[in-house]
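Novice: Take this structure first; my questions come after.
What follows draws every value from the coordinates through simple rules; no lab data is involved. Note that the structure is predicted; figures quoted are calculated from it, not measured. No Cβ is skipped: glycine too gets one built from the backbone with ideal geometry, and neighbour counts run over all protein chains shown.
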Amino acid sequence: MVQLAVLAGDFLLSRACVALASLKNTEVVSLLATVVEHLVTGETMQMTTTSEQRCSMEYYLQKTYYKTASLISNSCKSIALLAGQTAEVSMLAYEYGKNLGLAYQLIDDVLDFIGTSASLGKGSLSDIRHSIF
């Protein structure tokens, strides 16, 4: 079953690469390849976090950027680039996406503490139980 899941993920990633290549914009391709790299880095950070790192706000924000905010920030920047916006507007779009991604994840993490199973769609504190934070 795990092998099938890995193959399905590989298939989806290859389809995304084909779609990106059709854009014929190497900067956007590079940005979104960076997103994949960041996602893997963030997941690795989460799986190998020490108790000392777990208490570090700087470490938490870096991991959160890699796992969540990188996708949103680089996607926002890519949209601006594809729309022909200036470098300044593209960076503003990136910053907007970064802040949106960090805020989203912060809220999601807080809700794990204060939310109910009904409102979350999962058991409260389930992320803590599974060391996902």
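Novice: Tally Lys and Arg at +1 and Asp and Glu at -1 over the other residues with C-beta under 15 Å from the C-beta of residue 87: what net charge comes out?
Specialist: -2
Novice: How large is the charge dipole for the chain, taken about the Cα centre, if only the Cβ atoms of Lys, Arg (+1) and Asp, Glu (-1) carry charge, to the nearest 20 debye?
Specialist: Working: 9 positive and 12 negative charges, 52 e Å.
The dipole magnitude comes to about 260 debye.
Novice: Given (1) 11.0; (2) 7.6; (3) 9.9 as candidate values of mean projected area of the Cα convex hull in nm², which corresponds to the one derived from the coordinates?
Specialist: (3)
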